[in-house]
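We did not get these values from a lab; they are worked out from the coordinates using the rules stated. Just so we're clear, the structure is a prediction, and the values are computed from it rather than from any experiment. Cβ coordinates were reconstructed from backbone atoms using ideal geometry, including for glycine residues, and neighbour counts include every protein chain displayed.
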Amino acid sequence: MSIQLQLTWLFVLAIPIACIAWTVTHEEVFREPREFCVRCSKDGKSIFMRKFFYLFTCEYCFSHYITILFVALTDFKLLIDDWRGYIIGGFALVWVANLYMSLFARVRIDIKRERTEVSVLEKQERQQDFADNTSTEIKAETKPFAGEQNRNSGRRMKRRFHSQQSPSTDSKPWKK
């Protein structure tokens, strides 16, 4: 097999390895088994049990086992046509698959950041619109009705009238 074909196989074969490793270790579909593996990796009685279950929670570790499976299925060798080609090809596949997963994680972080920024901006716009609407409603509510305005103005006039009168000694001036 030519080196160009081997490199093509390397970059193409790393895609499903990365996909499987990422899906099992990060996506919601496998959340319950992953949580079980996390508990077992922390609370396991033996070191073998803890390390075994840890393999299903780490994309780097899990990609090694997926790579072994894919190398066995495809008989992929890199550079050398004997057993050493399997080892070189396996580690190269793990490296490229983890490169793909790192790029994918970076893209997801950027997308999540953009979504968060958009939702924050939308929330601020809604709050601003709400504040604008409530301030106009408050202004409309504080404007007295015509009847209330007349009633209040009548009270004001009575106060002014009484405050302008001179105090008399007689508390009931109409009874003279």
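Quick look at the values:
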| read-out | value |
| --- | --- |
| Environment charge of Gly89, counting only residues whose C-beta is closer than 12 Å and scoring Lys/Arg +1, Asp/Glu -1 | -1 |
| Overall form of the stretch 1-140 per C-alpha gyration tensor (a/c, 1.5; a/b vs b/c) | oblate |
| Assigned charges on the beta-carbon of Lys, Arg, Asp, Glu; the stretch 3-104 dipole about Cα centre (debye) | 400 debye |
| The stretch 1-84: GluC sites (Glu not before Pro) in DSSP loop, at most 13 other beta carbons within 10 Å | Glu27 |
| Charge tally in the Cβ shell below 12 Å around Cys40, where Lys, Arg are +1 and Asp, Glu are -1, Cys40 excluded | +4 |
